[in-house]
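Undergrad: Encoded as structure tokens, here's the structure I'll be asking about.
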Amino acid sequence: MSTRESILAAVLKNQPPASPLPDLSFLKGNRQNLVSTYQAVFTSIGGNVFVVDDLAAVNARLLENFDPTKRLVTTLPDLGEPFEVLSKMANPRTFNDVELAVIEAQLAVAENGAVWLPEHRMGQRIIPYICQHLAVVVRAETIVPTLHEAYAQIGPGDYGFGAFIGGPSKTADIEQALVMGAHGPITMTVFILQ
Amino acid sequence: MEKATKDHAALAEAFNRDEEHVNWHDGALWWIRQKRDIAAKNIPEWEQLRETASRIKSNVLANLHDYLLEFEANLTKNGVTVHWAADAEEHNRIVYSILKAKEITQMIKSKSMLTEECHLNEYLIERGIDVINSDLGEYIQQLDNEPPSHIVLPCIHKRKEEIGEIFHEHLGTEKGVSDPTTLTRFARWHLRDAFISRRAALTGVNFAVAETGEYVVCTNEGNADMGAHLSDIQIASMGIEKIIPKKEHLGVFLRLLARSATGQPITIYSSHFKKPRPGQEMHLVLVDLGRSRQLGRPDFRDSLKCIKCGACMNTCPVYRKSGGLSYHNTISGPIGAILAPNLDMKRHADLPFASTLCGSCSNVCPVKINIHDQLYQWRQVIVQEGYAANTKVLGMKAMAWTLSSPGSYSTIGRAGRWVLNNIPFAVNNKFNPWYKQREMPDGPKESFGEWYAKNQGDNGSEKV
């Protein structure tokens, strides 16, 4: 018998009697004040959040804080100069010098501050992790109360990779002291488009 | 790496020699427990969420065979190569063969307790493959040649000065530098090169969705993603119990996991891996390593519901004051003490006794595992199977004889009171294990039985 067959046989022999799946329909979040809840939670995680009217405001705000001579990339052609629209074909290792990446989320979750990014919105899978700083655009109407509403919208999803990202990369492995920027971005900024 | 020459009590005693350090460790973990409480109280339906999670996991255990087949079929459809491993040796051999086929000699790994259990690093290093643990805490433990002491916080037992010294010795940082931000930045810079240059990455798995064939990896550092998305060969290792039936169940588990672990609303990164990127190879190894045997133990199978949040460790008074390494098992703390005897009952016979049975672990468990009941039940099994320590067996026999005979009970009780009151030095010494870290009490003048006989008349009326 192969390992696969012997494991499956042992599992079948030892698994307990049937136990039905529980009902999840009671799990619903509060739809009130989604934008302000999101802002409060994301700020408490250590993220920055701004409510803006359009991509021009995003561009202006970012250029106040980032050096345009460094590598600034985006998946959003409408973000304008000096942002480089990133290539989906490039070797992912070539993004190691990215200072700032600007991408747009499919939705955001008010209860935990996370944004949902299927890979086509990342441009490349590595982008939101390898950049020194991450900025994510979220449309206000796409903010949902909890993960339950988020997964209902995501459905099976036709992505090969997708992720919730809820703040800058962090670690507290040394004496529980919180440090931003363990391996991924040192800061994360969310722009809520009204 | 695991040193099983000493039992939990002996290792805990060694840990307790530095009182200031123990108090700090105790406080650091209790602080995380408090953060967990605040996070849990922010969710009004928290208790229903725990109950729901527990029932989803009950369904998983009852249908694991079919879910494994469904998961495997979907992985294959998604272009992921599936492997099955019965034990640690087979798991390690599979990982090695994947790397060898591509002539890869360097791998980067994110946190995976399963590969710690399998001693994968040692196996690969012996065969000329260099492995780096990229989670900061695990990286520090690897530099120091020690296993992780906590499943979520691998080096929680180390002070920053010790870590500074390790960095100085192995990475050449300036002597005396112990600032957490400075050390973290140095590791970030150092490991960036490894992420960029290594062609193979291995991750653990937090949740595997049978319905879609995707698996979810949760980190705060982003190290699993840095490794995976820069690799040509991506490998994931998972225990067969990590399956969940449907994608919508992720909503339940991800709401519970980080809140229970560290009090965060969600881990920074919850990555859903489904298909390899163009030009990349993805492999997934399904590992049994005792899981199917534990599934067949009705009293203990619920331990397989564990989502590895570590909440039971942070709350446990014994863990907090003895340190994770005193459990001499990859998974330490209360959950480790109910998982380990299944793997090797003789070697881990001491662990179910490393508990006060206070029940705090069961109260914080996000999937409602009855951990303290199982600790108690393992004690029965271990004594029956003849694996209990001799002193415990003798003690219990003496106790059973005393308690089963009213005559000997009252005689021994009288003798005990006389000793405490007249020759306390006979018990207040290092030969009495109950005297360690304790003062023996003053003996009462008389027992309840003696008082009752004196104060109660034959007709049941009170004399006083």
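The values are calculated or read from the model by the stated rules, or taken from the named source; none is laboratory data. As the structure is a computational prediction, the values presented were derived from the model and not from experiment. With ideal geometry, Cβ positions are generated from the backbone for all residues, glycine too; neighbour counts draw on all protein chains shown.
Undergrad: In this structure, is residue A:146 farther than 19 Å from residue B:218 by Cβ and polar (S, T, N, Q)?
TA: no
Undergrad: Another question, then. Tally up the residues in region A:23-35 that are more than 9 Å from every other protein chain (Cβ to nearest Cβ) and within 23 Å of residue B:63 (Cβ to Cβ), please.
TA: Total meeting the criteria: 1.
Undergrad: A further question follows. For residues that are part of a loop (DSSP other than H, G, I, E, B) and crowded, with 23+ Cβ neighbours inside 10 Å, tally how many sit in region B:118-146.
TA: The qualifying residues number 2.
Undergrad: While we're on this one: Just to be sure before I move on: is residue B:321 in contact (Cβ under 8 Å) with a residue 24 or more places away in the chain, more than 25 Å from residue A:6 (Cβ to Cβ) and in a helix (DSSP H, G or I) in the structure I sent?
TA: yes
Undergrad: Please determine whether any residue of region B:240-252 is in the same structural domain as residue B:94 (by TED's automatic domain parsing) and farther than 23 Å from residue A:150 by Cα.
TA: yes
Undergrad: Restricting to region B:176-218, name every residue that is of a type in the set (S, T, N, Q) and more than 9 Å from chain A (Cβ to nearest Cβ).
TA: B:182, B:203, B:206
Undergrad: For region B:5-14, indicate whether the set of residues that are β-branched (Val, Ile, Thr) and modelled with pLDDT of 95 or more is non-empty.
TA: For region B:5-14, residues β-branched (Val, Ile, Thr) and modelled with pLDDT of 95 or more: absent.
Here's the yes/no breakdown for (1) out of contact with any strand residue (DSSP E or B) (no Cβ under 7 Å at 6 or more places or on another chain); (2) of a type in the set (Phe, Trp, Tyr); (3) within 7 Å of chain A (Cβ to nearest Cβ):
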position: B:270; (1), (2), (3): no, no, yes
position: B:280; (1), (2), (3): no, no, no
position: B:284; (1), (2), (3): no, no, no
position: B:292; (1), (2), (3): yes, no, yes
position: B:312; (1), (2), (3): yes, no, no
position: B:328; (1), (2), (3): yes, no, no
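Undergrad: Same structure, new question: When you check residue B:35 against the structure, is it under 25 Å from residue B:306 (Cβ atoms), assigned to a helix (DSSP H, G or I), in contact (Cβ under 8 Å) with a residue 40 or more places away in the chain and charged (D, E, K, R), yes or no?
TA: On the way: under 25 Å from residue B:306 (Cβ atoms): yes; assigned to a helix (DSSP H, G or I): yes; in contact (Cβ under 8 Å) with a residue 40 or more places away in the chain: yes; charged (D, E, K, R): yes.
It is true that residue B:35 is under 25 Å from residue B:306 (Cβ atoms), assigned to a helix (DSSP H, G or I), in contact (Cβ under 8 Å) with a residue 40 or more places away in the chain and charged (D, E, K, R).
Undergrad: Please count how many residues of region B:202-224 are on the phi > 0 side of the Ramachandran plot and among the β-branched types (Val, Ile, Thr).
TA: 0
Undergrad: What number of residues within region B:15-40 satisfy the criterion of being in contact with a helix residue (DSSP H, G or I) (Cβ under 8 Å, 6 or more places away or on another chain) and away from every other protein chain (no Cβ under 14 Å)?
TA: Residues in region B:15-40 being in contact with a helix residue (DSSP H, G or I) (Cβ under 8 Å, 6 or more places away or on another chain) and away from every other protein chain (no Cβ under 14 Å): 3 in total.
Undergrad: Okay, next question. Looking at region B:57-86, which of the residues that are of a type outside the set (A, V, I, L, M) and touching a Pro at 6+ places or on another chain (Cβ under 7 Å) is nearest to the other protein chains (Cβ to nearest Cβ)?
TA: B:59
Undergrad: So the check is Cβ under 8 Å with 6+ separation or different chains; which pairs have a first residue in region A:1-22 that's facing chain B (nearest Cβ under 7 Å) and a second one that's β-branched (Val, Ile, Thr)?
TA: Pairs found: A:7/B:240; A:11/B:240; A:21/B:56; A:22/B:52; A:22/B:56.
Undergrad: For region B:394-416, enumerate the residues that are of a type in the set (Lys, Arg) and exposed (fewer than 11 other Cβ atoms within 10 Å of the Cβ).
TA: B:397
Undergrad: Identify, from the list B:60, B:22, the residue that is under 24 Å from residue B:352 (Cα atoms) and either in contact with a Phe, Trp or Tyr (Cβ under 7 Å, 6 or more places away or on another chain) or assigned to a helix (DSSP H, G or I) (or both).
TA: Within the list B:60, B:22, the selection yields B:22.
Undergrad: Of B:87, B:26, which residue is of a type in the set (D, E, K, R), in contact (Cβ under 8 Å) with a residue 40 or more places away in the chain and not assigned by TED's automatic domain parsing to the domain that holds residue B:211?
TA: Sole residue among the options that is of a type in the set (D, E, K, R), in contact (Cβ under 8 Å) with a residue 40 or more places away in the chain and not assigned by TED's automatic domain parsing to the domain that holds residue B:211: B:26.
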